[in-house]
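A short worksheet on the structure shown next.
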Amino acid sequence: MDKRGLLELVINRIPCLRAREKLLLGEKFHREEDFYLLSKGDIEKIVNRPLKGPWTMDAFRSQAEKDAVTARLRGMGYIAYGDDEYPPLLREVFDPPLLLFYRGVLPNPEQPLTAVVGTRRPSGHAAAQAYDIGRDLGRGGMPVVSGLALGIDALAHRGNMDGGAPTVAVLGSGLDEVYPASNRMLARRILESGGVLLSEYPPGTAPFKWNFPARNRIIAGLARGVVIVEAPERSGALITARFALEQNRDLMVASAGVASPLGAGTKKLAEDGARVITGAAEIFEEWGLAYSGEGSSGNGTDLALSLGRSLNIVCEE
């Protein structure tokens, strides 16, 4: 083990630290043994604010050891901000995660990703378009990054795999706590098809509601562009849209979402200047990339409507 040892895992276990504060500590210290000597007061001086609750470095070191063992036993890896494997686009955001846990194959850093997200309660047309966009991106060789949620996210992941791409799912929980439970088979299929599950949260972390807005910054940060398929006025997908704009990513909306009575948030994004697209080919055209995919339609509508009827769509947030 190098001199950093479990440094990032220890920092990751300190409660109430913001992402940028974790990154600050990770960049300031280069050896675990130096960091281990710090008191709570020392860390409060570095981050320039008080931290809640009594705690000891011993407790965090013990938990970090457990995280390392659990990750190994459950087939997880982890990469730190300073590692070569860390996604380069994610480094560009204001508050990148210090540590990413993963299962599967990390995305090719030379290959652009498109984020495709939206409501958990989609209309039939938006559900079909989410699947078709994901599938045709896959046929063109481009992975989709999304949040493994019910509705639009799940359909985009499924379409992407059916199109032959290794899709990327970012969780708002530990990788051993896949949420929602009804998408555990989908998570397994993602791994079997060469994709990856990612999370900034250590093993055993439950899907707390406040994790999901933070998760959305990673979805946008990994992607070159973000497609909001369908979003009501108050939707977690709009948080992803805001992150996309803050991170200088291309922001697009799907035509079905703009036309849908359930897509008030999508329509507002279009009115504010987001490009309206009808399919994946327009994304390749926008970025000047060759597109070898097939046309849309196919069985997307039937499959999406069938999935929409069979899923018990619930809110995470």
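The one condition from (1) at pLDDT 75 or above; (2) under 24 Å from the mean Cα position of the chain (by Cα) that Ser260 does not meet is (2). Listed by first and then second residue, the pairs with beta-carbon distance under 7 Å, at least 6 apart or on different chains, first residue in the range 183-203 and assigned to a loop (DSSP other than H, G, I, E, B), second at pLDDT 95 or above and of a type in the set (Phe, Trp, Tyr), are Pro202/Phe101. Arg215 - would you say it is part of a helix (DSSP H, G or I) and touching a residue at least 60 places away in the same chain (Cβ under 8 Å)? Answer is yes for this residue.
Looking only at residues in the range 24-45 that are touching a residue at least 24 places away in the same chain (Cβ under 8 Å) and either among the β-branched types (Val, Ile, Thr) or assigned to a loop (DSSP other than H, G, I, E, B) (or both), which one is surrounded by the most Cβ atoms within 10 Å (Cβ to Cβ)? The selected residue is Ile43.
Restricted to strands (runs of 3 or more DSSP E) entirely inside the range 224-295, those with at least 3 residues that are in contact with a Ser or Thr (Cβ under 8 Å, 6 or more places away or on another chain) and crowded, with 21+ Cβ neighbours inside 10 Å are 225-228. No other residue among Ala59, Ala19 is at pLDDT 95 or above and small (Gly, Ala, Ser) apart from Ala19. Of the residues making up the range 1-23, one or more are in contact with a strand residue (DSSP E or B) (Cβ under 9 Å, 6 or more places away or on another chain) and either of a type in the set (Asp, Glu) or in a strand (DSSP E or B) (or both). Just wondering, is there one or more residues in the range 60-80 that are in a loop (DSSP other than H, G, I, E, B), of a type in the set (S, T, N, Q) and surrounded by fewer than 20 Cβ atoms within 10 Å (Cβ to Cβ)? No: zero hits. When the range 81-125 is filtered for residues that are closer than 24 Å to Leu269 by Cα, assigned to a loop (DSSP other than H, G, I, E, B) and out of contact with any Lys or Arg (no Cβ under 6 Å at 6 or more places or on another chain), the ones remaining, listed by number, are Glu92, Val93, Phe94, Leu113, Gly118, Thr119, Arg120, Arg121, Pro122, Ser123.
The values are calculated or read from the model by the stated rules, or taken from the named source; none is laboratory data. Only a predicted model underlies this, so the values are computations on that prediction, with no experimental measurement involved. Cβ atoms come from the backbone with ideal geometry, glycine included; neighbour counts cover every protein chain shown.
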